[in-house]
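**Q** Below you'll find the structure I mean.
What follows draws every value from the coordinates through simple rules; no lab data is involved. In this text, all values refer to a predicted model and were calculated from it rather than measured experimentally. Cβ coordinates were reconstructed from backbone atoms using ideal geometry, including for glycine residues, and neighbour counts include every protein chain displayed.
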């Protein structure tokens, strides 16, 4: 009994001992754990201190880009052709939204989301990164904007933003001049990255895609501003720390006269073709029309595929800039330049009489080169041959000259070369030469490459391999009107700094002066004046002129007419009918305007194209509005008011 | 005369309390008020609440402190049984929040029965060992183990990994001080290691995610890793000296989640830095040291086991919380003891403290 008690006591004592041991073990374990914890603190707060400080700073401060306003595009009188207006946009940042589909569904109860909106959003979503902000719906009505704004707390990651939108009030009429802006795509993003412009485009959604909007992108865009803001974890700005204001884009003031453009547009009506009018005093482009055009506004926020397909499939090709990229044989409008080549070669002199028969047959051949007038014009001078547009006369002239004496002279007038206008994608066309043919048919084989003597004949009347753009023709006739002084045709005349109001004009110094005798220029210009006088091909539009005008009609053959068959417009399908050409300038002594007009498949130049030029000149030089289109003209606001409105737009944003 | 009355009253109040514990807890309490004021965006609403529930907790603590441990002990089995029944009730019709069923609705309020177990379980195990103190056999440890695993399993099923771990720990500490063989302990650790793959499969997706993001928070910086990364940034950017009280950018710009409750340590650490952390760790260490002193001097089996378990639980709470906020432990919902905002957790902690003081009080038999 005692023993047992003793054992129990002993046990108790050893138990006590064991218990104390365990206490010490537990204490040591805890100390060890605390040391571990403290070494973690040392790691985070001492070793990695800088790293985490940077992370905390990055967390706290975000750079919010402040977008510059895109520069406006104004016509020569200050009428706004491309403007900005403010509108509300509903924007989503996918990585801040837990359930994107549910959010969109709920937003659908507040704003009207069309299938098109949803489709576009999906496309943007696929193209963009998660943290980027994507518009779900643009141009919210005031009511919709208010409704979303009132419920915005329900939707983290959803914002309503006031954004500037681009608008082209003259739509089709200016589509091929201004081009349009659109959302920056992957390729453009890459390009911006390569050009080191990514910073300046932070926050920018749109970029010039075509036309002046693309060429002058750097001028129009401006410089982005930045605001350093302290943001909370929800991305909400708490306060502004520092602000660098943006520099708005420069305005472009064009040489183009929108009223003249309007008149040209209405004179064309529904016909296809192009018109380029140039101010010979400096090369400024007064009117630049390609018909039909398209409404550039529908491209800005991503065109829907249906409209795109329709525009693309349209046989009239509204998306093609005919003035810039359409290449056509110049027809008889080529003859004044041929005349220049002949005079310079010395094979004919002013006043020399030469035959202008009904047909021209090459020596040793039976092929008949026809004349427009089958009876011929007897013996004529070079100027008369131009006035009556004798083909046989010019066949012979070309035959006598040979291609080597034609292309160098004609080339000096800018034909078959880029004019250097401030638009992208200018077509070169074809200035025929032996070298050109050898190169062009390099793949076809030696016999096709060789220049044949007969090749030159039809070139004499602006057919054959000749192909030029309406812009080149306008430029060439401008050089002629200028007595050989060559300017670079340009749409933009002045670049205006919005802030300082300082205007910088583009370089309008002449590129060169053609080294041809003044007498020859005078002679050819006189011949072109004769075109509009009784007996000339353009006599019909030469009556009642209150200024002097010179011109040349042309009819460009689209398909070759078989030997012995007479061209019959009504028997030829519309798209194979001849193109009507007219080039002209006025007043002859001190030209203020030079023009090239082509009306596609409209037949005879004198009938279809020349009246357009004449009425355009009347309007430009005398202010006479053509009666036939007086009621169709667009109402163009008075520039003074427009400019004020334009500055208001800038001021409010 | 009145001064004498006050003196006597003061004597009455302070008599059951442990001076050292009160001192350390008081210092932690002051720190916790500072950090709560900052974390709650300098509003007094939470401060007021904290003062109120702390006052209530202190009263409960005081009552427990002046009650003899043997008396308190008597309540252990009934509370354990009630707690167990409530845990079962939770499974039958509990309230589900965020995929976890942890609460019972009483109409006017909700209670979380697992909180009761934090105290009831170690009490019961300690009572059990006291009861069989003189002839402990190996199977007593088995029974104790089952008494532990029953509520732990129920809580794991809710699921609530954090609380289950804490309760398991509290129960284990009792076994440990009751002399559970080292061989069994190490064997258990090895067995646990070996069964990790099985446990992994039994885990819920969100639990697996937590473990994965612990290993590499950057793998999901905007998802599951976000909270832990932000709190690590807060701690790291606090640096050696801290950004200064009320100057924590991570805190005040809303980057720290749950910044008055589970993640309050990140707030503290950002503003008071490494120095502040060392002070806080030192205070916990002092509390634990005092607790272990009480444990060592405890006169009964129950007292030793209970005091040891409570003290080690304080350590576990503090370590797990600071460990998870600084990114060395997975994020389990464990508040920082005596600092985090939250009434229930505080009351439980002060109940533990009260029992500790009751055990530590020298009494004449």
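**Q** Expressed as a rounded percentage, what relative contact order does chain B have, with Cα pairs under 8 Å and six or more residues apart? Working shown, then result.
**A** Numbers: 491 pairs, mean separation 95.9, N = 365.
Result for chain B is 26 percent.
**Q** Give me B:3, A:332 sorted ascending by neighbouring Cβ count inside 10 Å, so fewest comes first. Before the final figure, lay out the partial values.
**A** Numbers: B:3 7, A:332 28.
Sorted ascending by nearby Cβ count, the order is B:3, A:332.
**Q** Order the peptides A:390-402, A:419-431, B:293-305, B:187-199 from the highest to the lowest mean number of other Cβ atoms within 10 Å of their residues.
**A** On the way: A:390-402: 24.1, A:419-431: 19.1, B:293-305: 20.9, B:187-199: 10.0.
Result, highest mean first: A:390-402, B:293-305, A:419-431, B:187-199.
**Q** Can you give the Kirkwood hydrodynamic radius for chain B, in Å, rounded to one decimal and based on Cα pairs? Can you show the working numbers first?
**A** Details: mean 1/r = 0.0462 Å⁻¹.
That comes to 21.7 Å for chain B.
**Q** Continuing with this model, one more query. For the pair residue A:195 and residue A:366, how long in nm is the line joining their label points, each one 7 Å along Cα→Cβ?
**A** The answer from the label model is 6.2 nm.
**Q** Let me know the mean shielding of B:322-331 by other chains, meaning the per-residue number of their Cβ atoms within 10 Å of its Cβ. Let's see the in-between values first.
**A** Details: counts 6, 4, 0, 0, 6, 3, 6, 1, 0, 0.
Per-residue shielding by partner chains comes out at 3.
**Q** Rounded, prolate or oblate, given the Cα gyration tensor of region B:277-365, with a/c below 1.5 counting as rounded?
**A** On the way: a/c = 2.38, a/b = 1.96, b/c = 1.21.
It is prolate, given that a/c is not under 1.5 and a/b is the larger ratio.
**Q** Averaged across the residues of B:287-299, what count of C-beta atoms belonging to other chains lies within 10 Å of each residue's C-beta? List each step's numbers first, then the result.
**A** Working: counts 0, 5, 3, 0, 0, 5, 1, 0, 6, 6, 0, 1, 0.
Mean number of neighbouring Cβ atoms from other chains: 2.
**Q** Could you work out the relative contact order of region B:7-115? I mean the mean sequence separation of Cα pairs under 8 Å and 6+ apart, divided by the number of residues, in percent. All intermediate terms of the calculation are to be shown ahead of the outcome.
**A** Numbers: 54 pairs, mean separation 16.4, N = 109.
That works out to 15 percent.
**Q** Bin all alpha-carbon pair distances of region A:442-521 at 10 Å intervals from 0 and give each bin's fraction as a whole percent.
**A** 14, 25, 27, 20, 9, 5, 1
**Q** Name the shape class, rounded, prolate or oblate, that the alpha-carbon gyration tensor gives for region B:51-169, where a ≥ b ≥ c are the square roots of its eigenvalues, rounded holds for a/c under 1.5, and otherwise prolate holds if a/b is larger than b/c and oblate otherwise.
**A** Values: a/c = 2.32, a/b = 1.20, b/c = 1.93.
The shape class here is oblate.
**Q** How large are Rg and Dmax for region A:172-309 when only the alpha carbon atoms are used, in Å?
**A** 19.7, 62
**Q** When the expected Rg is taken as 2.2 N^0.38 Å, what fraction or multiple of it is the alpha-carbon Rg of region B:1-72?
**A** Working: Rg = 15.6 Å, N = 72, 2.2 N^0.38 = 11.2 Å.
Against the compact-globule rule of thumb, the ratio is 1.40.
**Q** Could you give the alpha-carbon Rg of region A:437-477 over 2.2 N^0.38 Å, rounded to two decimals? Can you show the working numbers first?
**A** Values: Rg = 12.9 Å, N = 41, 2.2 N^0.38 = 9.0 Å.
For region A:437-477, the normalised Cα radius of gyration comes out at 1.43.
**Q** If you don't mind, another one. Where the centre of each part is set by its Cα atoms, how far does region B:234-253 sit from region A:587-625, in angstrom?
**A** Centre-to-centre distance over Cα atoms comes out at 77 Å.
**Q** Tell me whether region A:345-496 comes out rounded, prolate or oblate; compute the Cα gyration tensor, take square roots of the eigenvalues as a ≥ b ≥ c, and use a/c under 1.5 as the rounded threshold.
**A** On the way: a/c = 2.45, a/b = 1.35, b/c = 1.81.
It comes out oblate by the Cα gyration axes.
**Q** Which number do you get for Rg(Cα) / (2.2 N^0.38 Å) in region B:88-135?
**A** Working: Rg = 15.3 Å, N = 48, 2.2 N^0.38 = 9.6 Å.
After normalising by residue count via 2.2 N^0.38 Å, the value is 1.60.
**Q** Also, I was wondering about something else. Translational D (Stokes-Einstein, µm²/s) of the protein assembly as shown at 4 °C and 1.567 mPa s when Rh comes from the Kirkwood sum over C-alpha pairs? Write out the running numbers ahead of the final one.
**A** On the way: Rh = 36.7 Å.
So the translational diffusion coefficient is about 35 µm²/s.
**Q** Give the separation of the Cα centroids, region A:216-280 to region A:304-356, in Å.
**A** 33
**Q** For a quick size check, give me the Cα extents of region A:274-371 along its three principal axes, largest first, whole Å.
**A** So the three principal-axis extents are 63, 42, 18 Å.
**Q** Relative contact order of chain A: what whole-number percent is it, with Cα pairs under 8 angstrom and at least 6 residues apart?
**A** On the way: 1264 pairs, mean separation 93.4, N = 653.
Relative contact order here is 14 percent.
**Q** Given 10 °C and 1.306 mPa s, how large is the Stokes-Einstein diffusion coefficient of region B:247-293 in µm²/s, with Rh as the Kirkwood radius over Cα pairs?
**A** Working: Rh = 11.7 Å.
It comes out at roughly 136 µm²/s.
**Q** Expressed in whole Å with the largest first, what are the equivalent ellipsoid semi-axes of region A:94-156 derived from the C-alpha gyration tensor as the square root of 5 times each eigenvalue?
**A** Values: eigenvalues 71, 42, 21 Å².
Equivalent ellipsoid semi-axes, largest first: 19, 14, 10 Å.
**Q** Oh, and also: Within 10 Å of each Cβ in peptide A:45-53, how many partner chain Cβ atoms are there on average? Round it to a whole number, please.
**A** On the way: counts 16, 5, 1, 6, 7, 3, 3, 10, 6.
Partner Cβ neighbours, averaged per residue: 6.
**Q** At 222 nm, what value in deg cm²/dmol follows for chain A if DSSP H runs of at least 4 each add -39500 (n - 2.57) and the sum is divided by all its residues, to the nearest 500?
**A** Numbers: 24 runs with 238 residues, N = 653.
Result for chain A, helices only: -10500 deg cm²/dmol.
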